[in-house]
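K.L.:
If you scroll down you'll find the structure; I have some questions about it.
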Amino acid sequence: MFKKYNTIIYYTFLTILCGFIFRFYNLSFENLWFDEIVSFYIADPKISFFESYQRNNSGEGTPFLFNFLLKILHMIFGYTPNIGRYFSCAVSVLSIFSMIFLAKTIKNNNSYLLIIFLVSLNIFLIQYSQELRVYSLVFFLCTMTLIFYFQILKENTGDKYFSKNSFLFIILQVLSILSHPFTIIIFGSIILYVIANQIFKKKINKLLNISIFIIFIFLVFYLPYYLIITEPYPSWISHPTANFYTNFYSSKFFGSRLLGLTHFIILFYLIFKFKEKFIKNLEPSITLIFILVFSYFVPIVFGYIYKPILAPRYIIFNLIPIMILISYLTFELRERKIKFFIIFIISILTLGNLWTETTIQQFLKERPSHKPQYTLALKSIDSSNYKNFVINMSFTKTNKNYFNNAINNYFQTIELEEKFNIDYFKIKEIEKEEYFWSICLMDLNESDCENIDANKSLEIIEEKNYNSVNLKLIKFSE
């Protein structure tokens, strides 16, 4: 018994350590994506909180919470891009522990052992832990919200109207909504369970009902305000293709179509296997099924009625019900062979897929860059005879100055760190017959990188590419 206990401790420590290393190793290897550049610009500690708030409303589709926290961190630790990434990484590591607590709250058995493996080695969570974006924070806050939701359901409420669990549930649900509006789906799923519980089991939880009422009042005032001051409908999102309905982003969530479909097939099998738990007994864990269903259904329906809004990272919290239900229900199986087969197949496929990812391959060979290599592009300019450059902003028809300033702000940070001696110009400031470099963001401009200025003729002298960065040496001609 003691030996078995030691084995579990070693396994737990080793798996969490791997999750930690995979998130923090080579954290500063890549330059920022454009979305990360915008977050970095918003969180500038040299401007006021109100100015940052205005920048957030002008260029972000998400609430201010993440960039607010990011700004505070920059004020304390300095204004460098890696500060935000360390924050995302730290929150992602905390999510491993919050998922363990969530699994133990739902059922105090050994299912947490599978949860540790799934969360620590999930490629989607690892990737977003290294991005200066809100999504790791969303995942963490959602797990914490669900922990205290299930704690309330377990609590002997009696005639109580308030408790520590209900207070923390309210705070965390509100913070979740303030991090991303899609988390309202979790709140809606909780409401649906409460209604179903009252109708079919005649159970009324005053503590939870009051908590829901307080959150609902907050939403009544907050949601209209949020929709008025921000533009939460990204123009680049399109309606789901037929391919989406064959895997529901499972290939994105787990790194490959095979691994994603394996998770979904196992999940559907387990839900069907234990359907009495959910349909007849109406177990609280059915809330997780509601979250899973509505996180697809609501955005898809909304998209066809109004505008497309569904993207994999917006429903990153979907990994919570998938992982928790698979782990919880697998350890509820009485058939040991089926239980071990599920654990074996998930483990082998996860490790096999992880082996092919940069997360592992970077330890074996030189790591390739997947993001725009702005530093190399600026270094090339610095080493040339022409030190001035412009940024091709043809990718945006609105907020051109805003996004131009955001990119230039990031480039200035790179220049200071690398000690480059180069100058940024706006296109109108460059005189005719003068040579200059044009930087084009190919991942945003796509095929429009030839468009420098429609009113001027130009000659391309030299051209280079650094991943998604197109660099051209330009000369104006008559």
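K.L.:
Sorted by average packing, counted as other Cβ atoms within 10 angstrom per residue and highest first, what order do 8-14, 350-356, 64-70 take?
P.N.:
64-70, 350-356, 8-14
K.L.:
Each residue of the range 68-81 in order: what ³J(HN,Hα) in whole Hz does its phi give by Karplus 6.51 cos²θ - 1.76 cosθ + 1.60, θ = phi - 60°, with x for Gly and Pro?
P.N.:
5, 5, 5, 4, 4, 5, 5, 5, 8, 9, x, 9, 10, x
K.L.:
By its C-alpha gyration tensor, with a ≥ b ≥ c as the square roots of the eigenvalues, how is the range 166-264 shaped: rounded for a/c under 1.5, else prolate for a/b larger than b/c, else oblate?
P.N.:
Cα axes put the range 166-264 in the oblate bin.
K.L.:
Let me ask something additional. Evaluate the charge dipole of the chain about its Cα centre and quote only its size in Debye, nearest 20, assuming +1 on the Cβ of each Lys and Arg and -1 on the Cβ of each Asp and Glu.
P.N.:
That gives the chain a dipole magnitude of about 2800 debye.
K.L.:
Divide by every residue of the chain the summed helix terms, -39500 (n - 2.57) for each DSSP H run of at least 4, and state the resulting mean residue ellipticity at 222 nm, rounded to the nearest 500 deg cm²/dmol.
P.N.:
So the helix-based figure for the chain works out to -19500 deg cm²/dmol.
K.L.:
Moving on to the next point. Cysteines of the chain lacking any other cysteine beta carbon under 4.7 Å?
P.N.:
Flagged as lacking a Cys partner: CYS18, CYS89, CYS142.
K.L.:
Mind checking the full-extension length gain between THR358 and ILE47? Use 0.36 nm per residue of separation minus the Cα-Cα distance, one decimal, nm.
P.N.:
108.3 nm
K.L.:
Please go through the range 258-353 and write out the chymotrypsin sites (Phe, Trp or Tyr not before Pro) that DSSP classes as loop and that have at most 14 other C-beta atoms within 10 Å.
P.N.:
Hits after loop and neighbour filter: TYR306.
K.L.:
Would you pull out the residues with amide H under 5 Å of ILE474's amide H, same chain only if 5 or more places away, H placed 1.01 Å from N?
P.N.:
Those qualifying (amide H under 5 Å, at least 5 residues apart or on another chain) are PHE436, TRP437, SER438, ILE461.
K.L.:
What three numbers, in Å, describe the spread of the alpha carbons of the range 81-190 along their principal axes, ordered from the longest?
P.N.:
Taking max minus min along each principal axis of the Cα atoms, the range 81-190 gives 50, 33, 22 Å.
K.L.:
Calculate the spin-label point distance for ILE461 paired with ASN385, positioning each point 7 Å from the Cα along the beta-carbon direction, and give it in nanometres.
P.N.:
According to this spin-label approximation, the distance is 0.7 nm.
K.L.:
Starting from the amide H of LEU458, placed 1.01 Å from N in the peptide plane, find each other amide H under 5 Å away whose residue is 5 or more places distant or on another chain.
P.N.:
Sorted by chain and number, the residues that satisfy this are SER477.
K.L.:
Moving on to the next point. Going by amide H atoms built from the backbone, whose H comes under 5 Å of the H on ILE391, apart from near neighbours?
P.N.:
Amide H neighbours of ILE391, under 5 Å, 5+ apart: ILE439.
K.L.:
Calculate one ³J(HN,Hα) per residue across the range 24-35 by plugging θ = phi - 60° into the Karplus curve 6.51 cos²θ - 1.76 cosθ + 1.60, and present them in order as whole Hz with x for glycine and proline.
P.N.:
Karplus values, whole Hz, x for Gly and Pro: 9, 5, 6, 4, 9, 5, 9, 6, 7, 5, 4, 4.
K.L.:
Turning to a different aspect of this structure: Work out how much length LYS202 to TYR222 would gain on full extension: take 0.36 nm times their residue separation and subtract the Cα-Cα distance, in nm to one decimal.
P.N.:
So the chain would gain 4.0 nm between LYS202 and TYR222.
K.L.:
When only DSSP loop residues count, what trypsin sites (Lys or Arg not before Pro) in the range 270-303 have their Cβ near at most 12 other Cβ atoms within 10 Å?
P.N.:
Listed in order of number, the matching sites are LYS280.
K.L.:
Also, quick follow-up: Tell me the relative contact order for the chain as a rounded percent, counting alpha carbon contacts under 8 Å between residues six or more apart.
P.N.:
16 percent
K.L.:
Out of the trypsin sites (Lys or Arg not before Pro) in the range 358-409, which ones are loop residues according to DSSP with at most 13 other C-beta atoms within 10 Å?
P.N.:
Loop-located and lightly packed - LYS365, LYS397.
K.L.:
Also: I need the peptides 197-210, 50-63, 73-86 ranked by packing, meaning the mean over residues of other C-beta atoms within 10 angstrom, with the highest value on top.
P.N.:
Descending packing order for the listed peptides: 50-63, 73-86, 197-210.
K.L.:
Taking the Cα-to-Cβ direction at LEU73 and at GLU335 and moving 7 Å from each Cα, how far apart do the two end points lie in nm?
P.N.:
4.6 nm
K.L.:
Can you compute 3J(HN,Hα) from phi for each residue in the range 203-220, using the Karplus curve 6.51 cos²θ - 1.76 cosθ + 1.60 with θ = phi - 60°, rounded to whole Hz and x for Gly and Pro?
P.N.:
Working through the residues one at a time gives 9, 10, 9, 4, 4, 6, 4, 5, 4, 4, 4, 5, 5, 4, 4, 4, 5, 4 Hz.
K.L.:
Another question, then. What number results when the radius of gyration of the chain, computed over Cα atoms, is divided by 2.2 N^0.38 Å?
P.N.:
Cα-based Rg divided by the globular estimate yields 1.08.
K.L.:
Can I ask one more? Given the options LEU207, SER380, ILE309, identify the residue whose Cα lies farthest towards the positive end of the charge dipole of the chain (+1 on Cβ of Lys, Arg; -1 on Cβ of Asp, Glu).
P.N.:
Comparing the listed Cα positions along the dipole, LEU207 ranks first.
K.L.:
Grab the Cα-Cα distance for LYS273 and SER369, subtract it from 0.36 nm times how many residues apart they are, and report the gain in nm with one decimal.
P.N.:
Here the segment from LYS273 to SER369 would lengthen by 30.2 nm.
FYI, it's all coordinate maths here, none of it is from the lab. Remember, it's a predicted structure, so these values are computed and weren't measured experimentally. Positions of Cβ are backbone-derived with ideal geometry, glycine not excepted, and every protein chain shown enters the neighbour counts.
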